[in-house]
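Working notes, beginning with the structure itself.
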Amino acid sequence: MLFIVHHCCFAQLRTDNVIIVTLDGFRWQELFSGADPTMLFNKEFCSNSEVQQQFWDSSALRRREKLLPFFWNVIGKEGQLYGNRNLNNRVNCSNPHWFSYPGYSEMFTGLVDKRVRSNDSIVNPNYTVLEHINSQERYRGKVAAFSTWEVIPYIIRAQEAGIFTKCGRETVTANRDSASNKMSLELQRIFRDSVEAEEDFSTFYSAFNYLKKERPKVLYIGFDKTDEHAHVGDYDQYLRSAFATDRMIQELWTWIQTTEDYKDKTTLILTTDHGRGKKIHRWKKHGRHIFGSGQMWFAVIGPDTPAQGEIKTKGKYYQKQFAKTIASFIGLEYSNTKEVGSRIYGMTISNRVATGN
């Protein structure tokens, strides 16, 4: 009965499915301004002239389109993007640690827990929004997660919640040639140029095949290579991984918008777990002592999201708002043992969800 009441409050929403995608450790600076020239032309971080030519332009607006064409040609026109601090639009981590486990935990639980302070493979002590969705009759058994990082099942409490997951090396289900044969011609070329992103490609195609066969209503896909390349200072591979991920997301959205079960019934939400250092010799790192690591971003596109593109108004949002916002798209309220972040009202057409009026 409680489930039915929740959906009455959200009856005007058209979203029936939610797909969540994360780019681990991907900075807002590249999202909103494209390749950073101070690193793109620094031989310590990038000596590949092809990458420099591919992603450089004197205009930051054109640079970002070169790096992330789907984000800017599709979401930038039909959806919303939050977090351009140059416009005083800010998205922050609430947790003080600014690395992966605390970030994903905040994202999926809607709260900050001082016990969550490592990247160890330990089951999250907190109930998650994915667990909550999977407990509802309409969505039971229809929530799934795929991630390149093997710790994700512990963070989302996959075993405890009964959520189907394939993470880490489990996602490498076929050899490279077999995976390549399933891709569009453009993605085959990108894949050949981005050998180092192979694990993310495997994650994507495992998730994509599952989506086609099993038709989940809520799907999480977590990419990891942007963070991995950044940690070792490979700016060229960091950019190529972001570009490849953008193209995979485009392939995913194209399928969604041409498939009856999902077309005009699906909201796609994208974000990151944390930021990185702002200055040139700190960008490789993140953590509570690295300024800029708590700075992040959100992006969303779907049938209930007004087409506002880049949000240029002054505002401050938090990672802990993500969980309640996810639930709101499919007409559910989400709460936890402690107060969770409020939903981001501007992401949906209706502001009447809280009262049902």
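A few notes on this one:
- In terms of the mean number of neighbouring beta-carbon atoms within 10 Å, the peptides 218-228, 251-261 order highest first as 218-228, 251-261.
- Dipole moment magnitude, nearest 20 debye, region 17-323 about Cα centre, only Lys, Arg, Asp, Glu C-beta charged: 860 debye
- Span from the region 22-89 Cα centroid across to the region 280-313 one, whole angstrom: 12 Å
- Dipole magnitude for region 227-276: computed about the Cα centre from +1 point charges on Lys and Arg Cβ and -1 point charges on Asp and Glu Cβ, it is near 120 debye.
- Over the chain, relative contact order from alpha-carbon pairs under 8 Å, at least 6 apart, %: 33 percent
- Share of Cα-Cα pairs in region 17-323 lying beyond 37 Å, as whole percent: 8 percent
- Between Glu260 and Arg215, the contour length at 0.36 nm per residue exceeds the Cα-Cα span by 15.1 nm.
- Too-long pairs where the Cα-Cα distance tops 30 Å, listed order kept, from Lys263/Lys314; Lys43/Lys225; Lys217/Lys338: Lys263/Lys314
The numbers here are math on the coordinates, done by the rules we state, and not lab data. Bear in mind the structure is a predicted one, so any value in this text is a computation, not a measurement. For neighbour counting, all protein chains shown are included, and Cβ atoms are generated from backbone atoms with ideal geometry for every residue, glycine included.
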